[in-house]
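This report refers to the structure that appears directly beneath it.
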Amino acid sequence: MTAHGTARGPSRTCATKEKSMSDRVHEALQSILEEDLDLSLGDVTESSLLVDDLGLDSVAFAIGVVAIEERLGVQLTEREIYESKTVADLENAIRAKQTGVPQ
């Protein structure tokens, strides 16, 4: 293997791990939205507003929080949930808890 190939190996591994964690969070959240909250994934994008676009109410948030805790092992605070306006915000809050980086 060339030096160039060797140097690129660790970068791909790190990027693969990062992507893998990101994909796992994304897939789990999509599953929660579809299966637990009865949303059509065709209507869901990263920029979808949780309340205004997807129509989530306090009961839906409670169901979602329990599902997130069960499937991803992440406990979100009331503040983190309240500050999550979009699907992407919610994904980022989950990722931050998994990596220990404060939001």
(request) Please give the number of the condition Val51 fails out of (1) closer than 15 Å to Leu29 by Cβ; (2) outside any helix (DSSP H, G or I); (3) open to solvent by 70 Å² or more (accessible area, probe 1.4 Å). (result) (1)
(message) Anything in segment 47-80 that is touching a strand residue (DSSP E or B) at 6+ places or on another chain (Cβ under 7 Å) and closer than 19 Å to Ala96 by Cβ? List them, or say none.
(response) Ser47, Leu50
(request) Among the residues of segment 40-76, write down those that are among the aliphatic types (A, V, I, L, M) and touching a helix residue (DSSP H, G or I) at 6+ places or on another chain (Cβ under 8 Å). (result) Leu41, Val44, Leu50, Leu54, Leu56, Ile63, Val65, Ala67, Ile68, Leu72, Val74, Leu76
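The values are calculated or read from the model by the stated rules, or taken from the named source; none is laboratory data. Treat the numbers as computed from the prediction; the structure is a model and nothing was measured. We place every Cβ from the backbone using ideal geometry, glycine too, and count neighbours over all the protein chains shown. Surface areas here come from the heavy atoms of the whole protein model, side chains and all, with no ligands, DNA or RNA. Shrake-Rupley method; radii C 1.70, N 1.55, O 1.52, S 1.80 Å.
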